[in-house]
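Here's the structure, in structure tokens; my notes come after.
The values are calculated or read from the model by the stated rules, or taken from the named source; none is laboratory data. Fair warning: this is a prediction, and the values are worked out from it, not measured in the lab. Neighbour counts are summed over all protein chains in view; Cβ atoms, including those assigned to glycine, are modelled from backbone coordinates with ideal geometry. Ligands, DNA and RNA are excluded from the accessible area calculation, which covers all protein heavy atoms including side chains. Shrake-Rupley method; radii C 1.70, N 1.55, O 1.52, S 1.80 Å.
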Amino acid sequence: MVQDQGRPSGVSTIAGMFDPRQFRSSGHTLVDLLADYLEQSLQGSGPVLDWCPPADAMRHWQQPLPRHPVLAVQALADRLRDAVLAHSLHIHHPRNLGHQVATPLPVAALCDLAAALTNQAMAVYETGPAATLIERQVIRWLGQLVGWQETEGVLTSGGAQANLTALLAARQRTAGWDVWQRGMAAGPPLRILASEHAHYSVARAAGIMGLGADAVVKVPADDRGRMAMRALTEAQRAVAATGARIMAVVATAGCTPTGSIDPLQDIAAFCREHQLWLHVDGAHGASALLSERHRDALRGIALADSVVWDGHKLLYMPAPVSAVLYRDPAASYAAFAQEASYLFQGHSSQEEAYNTSYRTLECTKRMMGLKLWVAFSLYGTAGLGMLVDTVFATARRLAAKLAAAPDFELLMEPQTNIVCFRHRNGDQAVIRKTLVESGAFHLTQVRLHDRIWLRATVMNPFTTDGDLEALLATIRHYASH
Ligand SMILES: Cc1ncc(COP(=O)(O)O)c(C=O)c1O
């Protein structure tokens, strides 16, 4: 057995591997380590990222496969601190302004530990009774925020899978034949209408579903990054003229490049008029529903047939946890169908409705609802909404600073928490690479209108005006060198 302290003994016993006392003491060591890490990250004392080219960093991960124990718990803790945490992107650092990845709530990380230890497979109710009920509770809460009385759905491992799931349901409901059973060849070609700024997972879903990625008709956006209604009408007419059938319109609430929110109310009215399935990809922006101030930007979302909402973005959860929500509870069964007598006993029994696998690609899946349930229970919609309000306000202050600076160009006023801008001098991609590799800030970039824009996503509620001013000063410095 590996001893708590000192050198490994060289032999493992099964009892030692599962020893609750060992778990308790290792757990305390781990939590102490992570609490120190969290404290340092929030203070922003060091770099955001200790950049090392991957091929060089890989040299530190060439150990031979251990036949016998090579490290004791304390040595592993040291390695976790020095080799893993120190070489991670510090997501709680106030100068981490890169991707749309949550600054996770620490309590949610503890829930993930509980999810891992209890390892509820969740395929059917009996392999995760509490996990199943918690998930259904959370789905109902999210549906309530969307504006629905009754909601069904499922939690998936990420927004990409969530979009695929919703679009599978849309296809089965709207194609006009049983696509699941008979395949795509049994009917006319199907099309999806989506903004030019829709996430790539929509085209990927079309590829996976056998429509071909080209089946996604890209609808141009206006200069605020929102799907243009006239272009949507033209796209619908053009598709109808070819004899193809539209299986869904995908509106994006918080598009990936700029965070813009498509005009949901207008798109919903259009979909009603033409009897089209409306899917709202709210992976990023649906959390604005938590905010008294910003909820209105999502007006019309309740008219959607399906909504995707990522917990690991603006709900401040560790990845992955995404919700697929359906306005019509029965639609939650449309995406998948399988005979599997070792799991399912058929839809007839009421209890079968509690078997999660009917609604998801995954068979075994993680208990993802616990962390959301705990966060809503501890902080309420008011607390979580405060996080959204804070980062949206910080993004607006960043935009104001950029607009006031003559050497910067602001692409547009942010509608959520994503700010795209350029320095008027220099190559933006080079500026970004230098900035990221310096460890001063983490920032992303996006190509729009044939130009590269720097892209800041404000996820961290601890990012201050001082950090924003330092960002402008550092970019200026790199732009002039
Ligand atoms: C609008 C939108 N939809 C879907 C996704 C995919 O989500 P995930 O990364 O959770 O798979 C993203 C990711 O950034 C996104 O921005």
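What to note about this one:
- Kirkwood Rh, Cα atoms: Rg over Rh of the chain: 0.99
- The chain - percent of accessible surface contributed by carbon and sulfur, probe 1.4 Å: 55 percent
- DSSP bridge analysis restricted to the chain gives an antiparallel fraction near 60%, rounded to the nearest 5.
- Accessible-area order (highest first, 1.4 angstrom probe) of the listed residues Thr434, Thr474: Thr434, Thr474
- Once the Cβ-Cβ distance of Glu469 and Lys433 is raised to the sixth power relative to R0 = 22 Å, the FRET efficiency obtained is 0.50.
- Sites Asp328 and Thr118, calculated FRET efficiency, Cβ-Cβ separation with R0 30 Å, nearest 0.05: 0.40
- Computed FRET value (nearest 0.05) for Ala404 with Arg224, which takes r as the C-beta separation and R₀ as 22 Å: 0.65
- The charge dipole of the chain, taken about the Cα centre with unit charges on the Cβ atoms of Lys, Arg (+1) and Asp, Glu (-1), comes to about 580 debye, rounded to the nearest 20.
- Cα gyration tensor category, rounded, prolate or oblate, for the range 111-375 with a/c compared to 1.5: oblate
- Range of Cα positions in the range 57-149 per principal axis (Å), largest first: 55, 40, 21
- Measuring how big the range 135-197 is from its alpha-carbon positions, Rg and Dmax come out at 14.6, 39 Å.
- Value of [θ]222 nm, deg cm²/dmol, for the chain, DSSP H segments ≥ 4, -39500 (n - 2.57) each, nearest 500: -12500 deg cm²/dmol
- Counting every pair of alpha carbons in the range 125-252, the share spaced more than 20 Å apart comes to 54 percent.
- When Phe408, Phe23 are compared by accessible area at a 1.4 angstrom probe, the order from most to least is Phe23, Phe408.
- 3J(HN,Hα) along the range 38-44, derived from phi through the Karplus expression 6.51 cos²θ - 1.76 cosθ + 1.60 where θ = phi - 60°, amounts to 4, 4, 5, 5, 5, 6, x Hz, with x in place of Gly and Pro.
- If you sort Asp281, Asp178, Asp36 by accessible surface, 1.4 Å probe, largest first, the order is Asp36, Asp178, Asp281.
- Solvent-accessible area per residue, Å², over the chain with all protein chains present [probe radius 1.4 Å]: 47 Å²
- Remark on the range 311-376: hydrodynamic radius 13.7 angstrom, per the Kirkwood mean of 1/r across alpha carbon pairs.
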